Amino acid sequence: GENVEQHPSTLSVQEGDSAVIKCTYSDSASNYFPWYKQELGKGPQLIIDIRSNVGEKKDQRIAVTLNKTAKHFSLHITETQPEDSAVYFCAASIGGSGGSNYKLTFGKGTLLTVNP
Amino acid sequence: ETGVTQTPRHLVMGMTNKKSLKCEQHLGHNAMYWYKQSAKKPLELMFVYNFKEQTENNSVPSRFSPECPNSSHLFLHLHTLQPEDSALYLCASSKGLSSYEQYFGPGTRLTVT
C-alpha cells in the first residue's frame with residue numbers, strides 16, 4: 001500500500017520567514033496530494049491540493065510543488081504569520097476514474113510554530 | 001465552523017463501559033468517515049459510509065461498532081475498550097466517495113482508563 005513520509009516533524013520560524021514542509025510517497029499511481037492544517041482543538045482543514053497533471057499551485061501565501069519523477073511534494077508558506085502556527089498534514093490518494101479519491105494516506109504531521 | 005459537529009468533545013471511560021460518539025454534518029454530504037488520530041501516528045481511516053451504507057472497514061476491532069442511520073448522522077459505539085484505544089476520534093464528510101475534499105469535525109478526545 002501507499003506510504004507517505006513527512007519532514008520535518010517540528011519547524012520553528014520567525015514571523016515573516018518562509019516555511020517548507022516536504023513529503024515523499026511510495027505509490028507511483030497516486031495522483032492527488034492535499035495538504036491539511038489542524039489548529040489546536042479543531043479538526044484538519046484542507047488548505048491546498050495538487051493533482052498530478054500540474055507541477056505547482058499557488059494560493060496567496062501558500063504554494064505546493066510536485067515532482068512526480070522523484071515522488072515528492074512540498075508545501076511552501078511565505079511571509080509566515082503567528083496564525084499559521086498549527087500542525088500540517090500531507091496526504092496522497094489515487095483519484096479519478098477507477099480510483100479511490102477518499103482513501104487518503106496521511107503523513108505524520110509537522111508542528112509549525114511561527115514566533116512573533 | 002466546518003459544518004461537521006461531534007459530541008462529546010471529551011470522554012473518559014473505563015474498559016468495561018459502553019459509550020457512543022456522535023457526529024452530525026450539516027453540509028448535505030452523502031459520505032461520512034471515522035478516523036483515529038493517535039500521537040505521532042498518521043490519521044487512520046476506520047470506517048466509510050456512503051448513502052448510509054458501509055463501504056469500508058479497515059480491519060477495525062469489533063469493540064468499535066459504527067452506525068449510520070442517515071446521511072447526516074454517524075455514530076461510533078464503544079465497548080470493552082483498551083487503554084491503547086485512547087486517541088482523538090475524528091468524523092469527516094464529503095459530497096461523495098469521488099469527491100476530493102473531506103470536511104472534518106473537531107473530534108472527540110477519548111481516554112480509556
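The values are calculated or read from the model by the stated rules, or taken from the named source; none is laboratory data. These numbers were taken from a predicted model, which means no experiment stands behind them. Note that each Cβ is placed from the backbone with ideal geometry, even for glycine, and that neighbours are counted across all protein chains shown. All accessible areas refer to the heavy atoms of the entire protein, side chains included, with ligands and DNA or RNA removed. Shrake-Rupley method; radii C 1.70, N 1.55, O 1.52, S 1.80 Å.
Points worth noting:
- Whole-number Å³ per residue for the convex hull built on Cα positions in the stretch A:1-98: 108
- Based on protein heavy atoms only, chain B ends up with 47 Å² per residue of surface accessible to a 1.4 Å probe.
- Protection proxy ranking of B:76-82, A:43-49 - average other beta-carbon atoms within 10 Å, highest first: A:43-49, B:76-82
- For the peptide A:104-111, the mean number of other protein chain Cβ atoms found within 10 angstrom of a residue's Cβ is 4.
- Added length on full extension, which subtracts the Cα-Cα distance from 0.36 nm per residue, residue B:17 to residue B:79: 21.7 nm
- Dipole of chain A [Lys/Arg +1, Asp/Glu -1 at C-beta], most positive-end residue of A:60, A:26, A:11: A:26
- The fraction of accessible area contributed by carbon and sulfur in chain A is 46 percent, rounded to a whole number (1.4 Å probe; ligands and nucleic acids excluded).
- Calculated log₁₀ intensity ratio I(q)/I(0) where the Debye formula runs over C-alpha points of chain B, q = 0.09, 0.18, 0.23 Å⁻¹: -0.20, -0.84, -1.35
- Of A:37/B:22; A:42/A:71; A:57/B:22, pairs whose Cα-Cα distance is over 26 Å: A:42/A:71; A:57/B:22
- The protein assembly as shown - Kirkwood radius from inverse mean 1/r over Cα pairs (Å): 18.2
- Among the residues of B:104-110, the average count of other protein chain beta-carbon atoms within 10 Å of the residue beta-carbon is 3.
- Peptide-level mean, for B:38-44, of C-beta atoms on other protein chains within 10 Å: 5
- Solvent-accessible area buried by B and A, counting both chains, probe 1.4 angstrom, square angstrom: 1700
- The charge dipole of chain A, taken about its Cα centre with unit charges on the Cβ of Lys, Arg, Asp and Glu (plus for the first two, minus for the last two), comes to roughly 380 debye.
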